[in-house]
1. Would region 293-304 turn up any residue that is more than 24 Å from ASP206 (Cβ to Cβ) and open to solvent by less than 20 Å² (accessible area, probe 1.4 Å)?
2. Show the residue pairs that are 6+ apart or on different chains and have beta-carbon atoms under 7 Å apart, the first residue being within region 332-349 and outside the structural domain of GLY361 (by the TED database), the second being at pLDDT 95 or above and charged (D, E, K, R).
3. Taking the conditions exactly as written (within 14 Å of ALA74 (Cβ to Cβ) and among the hydroxyl-bearing types (Ser, Thr, Tyr)), does TYR223 satisfy them or not?
4. Identify all residues within region 213-265 that are of a type in the set (A, V, I, L, M), touching a Phe, Trp or Tyr at 6+ places or on another chain (Cβ under 9 Å), within 19 Å of VAL192 (Cβ to Cβ) and open to solvent by less than 10 Å² (accessible area, probe 1.4 Å); write none if there are none.
5. Considering only region 330-391, give the strands (runs of 3 or more DSSP E) lying wholly within it that have at least 2 residues that are out of contact with any helix residue (DSSP H, G or I) (no Cβ under 6 Å at 6 or more places or on another chain) and open to solvent by 30 Å² or more (accessible area, probe 1.4 Å).
6. Answer yes if at least one residue in region 85-105 is free of Cβ contacts under 8 Å to residues at least 40 places away in the same chain and in a loop (DSSP other than H, G, I, E, B), and no otherwise.
7. Mind telling me which of the residues GLU143, GLU137 ends up being in the same structural domain as HIS202 (by the TED database), within 17 Å of ARG368 (Cβ to Cβ), open to solvent by 10 Å² or more (accessible area, probe 1.4 Å) and in a strand (DSSP E or B)?
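The values are calculated or read from the model by the stated rules, or taken from the named source; none is laboratory data. Keep in mind that this is a model prediction, so the values were computed, not measured. Note that we place each Cβ from the backbone using ideal geometry, even for glycine, and neighbour counts take in every protein chain shown. To get the accessible areas, we keep the full protein, side chains included, count just its heavy atoms, and leave off ligands, DNA and RNA. Shrake-Rupley method; radii C 1.70, N 1.55, O 1.52, S 1.80 Å.
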Amino acid sequence: MLDVDFVRSQFPAFDEPSLAGQAFFENAGGSYTCAQVIDRLTRFYTQRKVQPYAPYQASELAGAEMDEARARLAAMLGVETDEVSFGPSSTQNTYVLAQAFRAWMDPGDVIIVTNQDHEANTGPWRRLADDGIEVREWRINPETGHLDPEDLANLLDDRVRLVCLPHCSNVVGEINPVARISSLAHAAGAFVCVDGVSYAPHGLPDVGALGADIYLFSAYKTYGPHQGVMVMRRNLGMMLPNQGHYFNGDTLYKRFTPAGPDHAQIAASAGMVDYAEALAAHHGVLGETPAATAAAVHDLMRAREIELLQPVLDFVASRNSVRLIGPADANLRAPTVAMAANAPGEALAAKLADHGIMAGGGDFYVVRALEAQGVDMARGVLRVSFVHYTSQAEIDQLLEGLEAVL
């Protein structure tokens, strides 16, 4: 069982007087930051805020912390150190990738996208149609929001170069079988790009086991600084045209980072690993490898979230005035719960604020998925989202607030 008191002690926000009594249910937009990241960021800005990798002590320490973050995060993700790179956001990382694929692909080649995705992992790829690339849409079930792998199989042929999908959608919430989908795509000769932004906060995945060639997520949603993290497997990364400075073309983690990286935030990202290891040590589940530790922490987080999520899904599913988006079984989804009601989602979120609930409303950059499911976009949806540090008392507060508002 997850020791929630220990978990919350690692997050300064829970001791912040200005947030007292406020239950945070907008985690899908960005999580609270753990103390380990804050400490590293503060240390970097106060002790190491110099150009890194120069031959003097402060600079050597700065560079070493940046290297440490990349190496330790890669080990937890089950990939090689140089296969992890950082960028300003996952949206910008994807845009840079799309420019690389634009130069690498030929007219008539095919990219498959979904209408379940956040716009970050569908919009940049769809724009390649302007250069003669065929874009095929893998469509969700309009009633359930489900992506059926059998439908993907019908879209694959020898002209498909890339399949783009979310690990889970930030409104549908259903966890897609990435390993199975990767196998299907690879068998057809295609690469796979997975948007893990909505999944990674619930436990870092073993990207190697998933089989994804590209895996993207946001550090600011995984208890860290505002950076986009991208795994790019070497065989694909060295095949695509370099998007960075020409003299950095031989360094994999620099090939898709055209802008200067944020040194302090990269260094602070090692704090996410510090937190995961502290969590594992406290619960006695430190693994023999970093990836094993990540898997154990993932299981702790998921078990806790499933326990808290099912009553919320049951409540929403029982309301005649509200439509639950995505599956009603907590085992099948992340704790990101979108609901369509007879009032605008933003207005409902504002009413929840009067009950001490921090939530959001709108389209959450997944207009295509909501429109495909017949949601009135003038109203959008109300979304409540949480992670492993959410307490039972906060779930009770949420349900009381929803009862009053809905």
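1. First, pick out the residues of region 293-304 that are more than 24 Å from ASP206 (Cβ to Cβ): none.
No, region 293-304 has no match at all.
2. As it stands, the answer is none, since no pair meets every condition given.
3. no
4. The answer is ILE214, VAL229, MET230, VAL231, MET232, LEU236, LEU240.
5. In region 330-391, no matching strands (runs of 3 or more DSSP E) lie anywhere.
6. Of the residues in region 85-105, the ones free of Cβ contacts under 8 Å to residues at least 40 places away in the same chain are 95, 98, 102.
If we keep only those that are in a loop (DSSP other than H, G, I, E, B) too, we end up with none.
For region 85-105, residues free of Cβ contacts under 8 Å to residues at least 40 places away in the same chain and in a loop (DSSP other than H, G, I, E, B): absent.
7. Details: GLU143 fails: in a strand (DSSP E or B).
When all the criteria are applied, what remains is GLU137.
Table: residues versus (1) in contact with a helix residue (DSSP H, G or I) (Cβ under 9 Å, 6 or more places away or on another chain); (2) over 15 Å from SER85 (Cα atoms).
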position	(1), (2)
ALA187	no, yes
PHE191	yes, yes
GLY211	yes, yes
THR251	yes, no
